[in-house]
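Below is one structure, written out as structure tokens; comments come after it.
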Amino acid sequence: MPRPTNKTELLTSSQKNFDLLFHFIESRSESEQMKEFPQGTMNRNIRDILAHLYHWQLMMKNWYDVGMAGQKPDIPAKGYTWKTVPKLNYKIWEDYSKVPLHEIKVLLNDTHKEMMKMIDDHSNEDIFDKKRYAWTGTTSLGAYFIGATSSHYDWALKLINKAFKNL
């Protein structure tokens, strides 16, 4: 699916990609869902990938809350820059490495619903007009939502799919 360019497309592709991701995961047996992926990726299993999605949605929600309150959020996170995102992703991986898969599924489902409500609460212009909010800089709020939902779900599904083909 092409990158969303309006609110309806964003809501549709976010829900569709979320559903495809969870359908793929839930169509696997419990033991398959727990399998370790082949060497070569930091995210070593489904839990790692879902935890990654979950935490990035938490960060997005924080950016949004801080930014909409008129302050400047720490993007991507306090102490990190876009150049140090691999270090941030490793910290996320470490932080969730002991959280059970079933718990991560519930947490991600909850933040997905929050993201969808946040999107739904805005007009198309609010989401896709560039420079509408000071905290988003030269881009649009939609770019942040796309990164936290539809395109991130697509990335996750492709990564899991690739790993399962190589098991």
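Here, each number is a calculation from the coordinates, and none is a lab measurement. Not measured: the values here are computed from a predicted model. Quick reminder, even Gly has a Cβ in these numbers, built from the backbone with ideal geometry, and neighbours come from all protein chains shown.
Observations on the model:
- Rounded to the nearest whole Hz, the Karplus-based 3J(HN,Hα) values (6.51 cos²θ - 1.76 cosθ + 1.60, θ = phi - 60°) of the range 139-146 follow the sequence 9, 9, 4, x, 4, 5, 4, 4, with x at glycine and proline.
- Placing unit charges on the Cβ atoms only, positive for Lys and Arg and negative for Asp and Glu, gives the range 36-165 a dipole magnitude near 480 debye about its Cα centre.
- Tail fraction, Cα-Cα pairs, the chain, threshold 24 Å, whole percent: 36 percent
- Alpha-carbon spread of the range 86-167, three principal axes, descending order, Å: 44, 25, 23
- Distance between modelled label sites at Y90 and D19, nm, 7 Å Cα→Cβ extension: 3.9 nm
- Peptide ranges 7-20, 28-41, 113-126, 153-166 listed from the most packed, as the mean C-beta count within 10 angstrom indicates: 7-20, 153-166, 113-126, 28-41
- Relative frequency of Cα-Cα separations exceeding 15 Å in the range 1-84, percent: 73 percent
- The chain - percent relative contact order, Cα under 8 Å, separation 6 or more: 37 percent
- Between L167 and M68, the contour length at 0.36 nm per residue exceeds the alpha carbon distance by 31.2 nm.
- Rounded to whole Hz, the Karplus (6.51, -1.76, 1.60) HN-Hα couplings of the range 113-122, x for glycine and proline: 4, 4, 4, 5, 5, 4, 4, 4, 6, 10
- Backbone phi angles across the range 79-93, fed through the Karplus curve with coefficients 6.51, -1.76 and 1.60 (θ = phi - 60°), yield HN-Hα couplings of x, 10, 10, 4, 6, 9, 4, x, 5, 4, 4, 5, 4, 4, 4 Hz in residue order; Gly and Pro are listed as x.
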